[in-house]
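Enquirer: So that we are looking at the same thing, I have put the structure below in structure tokens.
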Amino acid sequence: MASEVREAIKNAAEKIAQYVEDVATMSVETQYVEVGAASFDQAKLAARTVVKLDGDSQTVIPMQQGQAKLEVDMSVFDVHQQNVQAAIDYRTKMMNALLSVLRSGSLPPG
């Protein structure tokens, strides 16, 4: 009986550790392919955002040559921002689920 309890606690701790790892760093990459490309394997990075749980973040945004200077490629950047917001919303759900598990002391089925 005691070994079963220890095993259950170990399994719960491993699941919680995995949840924490999943939400500790959020990385969003927006890629593109040229129309007519043979496959999505040819996708190229257009923008990337990495946000860590402590609030540190890094963003690489698409730039294009304007008339006198580099300018943000707003059409790609807007799509990337939508992807980042979707990831933030999902991360919030994951954090709420983790907090719920920690408060209740039971793991969701899975």
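Enquirer: Would you list, by chain and number, the lysines whose Cα falls below 19 Å from the Cα of LYS93, excluding same-chain residues fewer than 8 positions away?
Expert: Reachable lysines: LYS15, LYS52.
Enquirer: Would you compute the Debye intensity of the chain from its alpha-carbon atoms alone, equal scatterers and no solvent, and pass along log10 I(q)/I(0) at q = 0.14, 0.23 Å⁻¹ to two decimals?
Expert: Those come out to -0.74, -1.22, one per q.
Enquirer: So how tilted is helix 74-104 from the main axis of the chain? Cα-based, degrees 0 to 90, rounded to 10.
Expert: Its long axis makes an angle of about 10 degrees.
Enquirer: Give the angle, between 0 and 90 degrees and rounded to the nearest 10, that separates the Cα long axis of helix 2-24 from the longest principal axis of the Cα atoms of the chain.
Expert: 20
No lab work stands behind these numbers, since they all come straight from the coordinates. Predicted, not measured: the structure shown is a model, and the values here were computed from it.
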